1. Which entries in the list Lys57/Lys97; Lys60/Lys194; Lys178/Lys252; Lys213/Lys268; Lys102/Lys225; Lys102/Lys282 go over 31 Å, if you measure between the two C-alpha atoms of each?
2. Using the number of other C-beta atoms within 10 angstrom as an exposure proxy, rank Asp269, Asp219 with the fewest first.
3. Where does each of Asp187, Asp98, Asp148 land when they are ranked from fewest to most other beta-carbon atoms within 10 angstrom?
4. Given R₀ = 25 Å, FRET efficiency for Asp171-Asp228 by Cβ-Cβ distance, to 0.05?
5. Arranged from highest to lowest average of other beta-carbon atoms within 10 Å per residue, in what order do the peptides 48-56, 274-282 appear?
6. Please state the charge dipole magnitude for the chain, taken about the Cα centre, from unit charges on C-beta atoms (+1 on K and R, -1 on D and E), reported in debye and rounded to the nearest 20.
7. Students often check this: by mean Cβ neighbours within 10 Å, which of 10-23, 149-162 ranks highest, and how do the rest follow?
8. For the chain, build the charge dipole from Cβ charges (+1 Lys, Arg; -1 Asp, Glu) around the Cα centre, then report which of Gly263, Pro90, His67 sits farthest towards its positive end.
Amino acid sequence: MEKFPIEALPATDITDFQTNSSHREWMGPFTFVCGADTQFGMIDNYHLHKTEPNWDKEIKLTRESIHRINKMLPKPKFYIICGDMLDAFPYEGLRQKDLRAKQYEDFTKVFQELDADVKLVCVCGNHDIGDVPTQATLNVYRNQFGADVFSFWVGGVKFCVINSQYFEAPDALPQETKRQLDFIAKDIADPNAKHIVVFQHIPFFIHDPAEEKEYFNLDPEFRIKILDQLRDAGVKYVFCGHYHRNAGGVYKDLELIVTSAIGAPLGKDPSGFRIVNVTEEKISHEYIPFRNSPDIGEI
Ligand SMILES: [Zn+2]
């Protein structure tokens with residue numbers, strides 16, 4: 001499996017989950033936490049239209065998520081962020097690059113506070129490599145956050161992370177798109193896994209597998225083809241972000257779960273994260289809001 005150095009984010013070192021065979025054994029029920037879209041800078045940029053945005057509000061919300069996780073007993077096995085860790089796109093001129101560098105620096109600082117027993121797993125979002133990724137933006141992502149397509153094991157469950165930008169813009173980096181399609185076809189299925197779970201940023205669909213293409217979902221033709229492949233590989237759960245609201249639905253026997261933002265909400269769901277319970281029979285989950293009101297001004 002490909003390795004990328006992530007010195008600034010030691011919490012993301014999941015080598016043990018990938019190489020230690022004991023993680024392939026079922027050891028009893030456990031939990032993990034799934035969040036999405038910390039998106040440092042979005043509230044000032046998108047909601048408040050500030051020309052000089054800061055991300056104090058996102059820092060506060062992300063800290064709240066970390067402090068809640070640190071207090072959980074038993075500890076969740078990992079904290080996964082389903083994409084868009086930062087708001088500034090990586091390729092829109094020097095000012096944008098500079099903003100992004102500062103957002104990244106603060107993101108790494110905040111995650112120093114995460115309990116050392118809990119691993120941080122990052123998923124690549126559209127804001128992380130751009131709507132149309134380039135080799136340069138992908139390289140920056142991998143150097144800062146690690147691999148973008150990979151799998152790991154925890155407690156007998158196989159977790160697979162994929163990069164939805166290769167579905168959203170399949171022609172941008174055709175080799176990477178092909179590599180991901182090969183990964184889906186060959187590397188996800190495993191008869192020894194108690195469950196197989198996929199994480200990605202953009203949901204295949206928001207509510208209904210038959211809905212039309214829009215900004216927040218993936219192209220229907222690609223959608224059904226990949227969903228069928230995932231089902232054939234034994235995947236029963238797909239966790240996504242990007243929508244900044246809670247949503248989801250069922251395709252045949254596969255459940256797709258869309259989790260609202262840790263950072264800026266776009267609908268009635270306040271910022272929060274999802275606690276996911278894994279038992280031998282099934283995976284269940286509950287969204288935990290950090291505030292009762294989604295009003296940005298009160299964050
Ligand atoms: Zn997004």
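1. Working: Lys57/Lys97 21 Å; Lys60/Lys194 36 Å; Lys178/Lys252 26 Å; Lys213/Lys268 22 Å; Lys102/Lys225 39 Å; Lys102/Lys282 41 Å.
Beyond 31 Å between Cα atoms: Lys60/Lys194; Lys102/Lys225; Lys102/Lys282.
2. Numbers: Asp269 18, Asp219 15.
Exposure proxy ranking, most exposed first: Asp219, Asp269.
3. Working: Asp187 16, Asp98 11, Asp148 25.
Ranked by crowding around the Cβ, least crowded first: Asp98, Asp187, Asp148.
4. Working: r = 22 Å, r/R0 = 0.88.
That gives a FRET efficiency of 0.70.
5. Numbers: 48-56: 13.7, 274-282: 15.7.
Output ranking for 48-56, 274-282: 274-282, 48-56.
6. Numbers: 33 positive and 45 negative charges, 114 e Å.
I would put it at about 540 debye.
7. Values: 10-23: 14.8, 149-162: 21.9.
The peptides rank, most packed first, as 149-162, 10-23.
8. Of the candidates, His67 comes out farthest on the positive side.
Any read-out appearing in this document is the output of simple, stated calculations on the displayed coordinates, not a laboratory observation. This is a predicted model, so every value here is computed, not measured. Heads up, the Cβs are rebuilt from the backbone with ideal geometry, glycines too, and the neighbour counts pull from every protein chain shown.
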